[in-house]
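Contents: one structure, followed by commentary.
All of the numbers you see were taken from the coordinates with simple rules; none came from a lab. These numbers come from a predicted model, not from an experiment. So basically every Cβ, Gly included, is an ideal-geometry build from the backbone, and we count neighbours across all protein chains shown.
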Amino acid sequence: MRFAIGRFRDCVQRALIKIADVNGPHCGVDKRCVVQLRLRSLPDVIFSITGTEAQRVVDQAAERVAQVLVRRLMRQRQVVRTPERLRASFQPAHERPTEFPIFNIRR
């Protein structure tokens, strides 16, 4: 779990992971891993994974932590398009202003 959160440690304030045997000594799908992540400037992430083996449940939770964090951070980093940016993105390439006039190559 530490490895899954590692590259996002600047964004995660706190991680709480609970592993429980849901129905005690009885057989069946009864291992549950509950993950709660407190993120900086984003809503908390809370989910649970249930399975038969504790190690497998923790591994699945670690994979899901990485997926959720990537998705949340990508959403946060998406550029909000203003009407001016939308119009500029639909202009033909030869009408757009170039950022590097020295390397302006027309094809």
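How many residues does the range 34-59 contain that are in contact with a Gly (Cβ under 8 Å, 6 or more places away or on another chain) and surrounded by 15 or more Cβ atoms within 10 Å (Cβ to Cβ)? Give the derivation first.
The initial filter retains those residues of the range 34-59 that are in contact with a Gly (Cβ under 8 Å, 6 or more places away or on another chain), namely 52, 57.
Checking which are surrounded by 15 or more Cβ atoms within 10 Å (Cβ to Cβ) leaves us with 57.
Final tally of qualifying residues: 1.
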Got at least one residue in the range 41-55 being of a type in the set (Asp, Glu) and either closer than 17 Å to residue 5 by Cβ or touching a His at 6+ places or on another chain (Cβ under 8 Å) (or both)?
yes
If I go through the range 1-33 residue by residue, how many of them are surrounded by 11 or more Cβ atoms within 10 Å (Cβ to Cβ), closer than 20 Å to residue 56 by Cα and of a type in the set (Lys, Arg)?
2
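With 32, 14, 40 as the choices, which residue is among the basic types (Lys, Arg), out of contact with any Cys (no Cβ under 6 Å at 6 or more places or on another chain) and under 22 Å from residue 76 (Cβ atoms)?
Exactly one of 32, 14, 40 is among the basic types (Lys, Arg), out of contact with any Cys (no Cβ under 6 Å at 6 or more places or on another chain) and under 22 Å from residue 76 (Cβ atoms), namely 14.
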Taking the range 1-34, which residues are within 19 Å of residue 55 (Cα to Cα) and β-branched (Val, Ile, Thr)?
5, 17, 19, 22, 29, 34
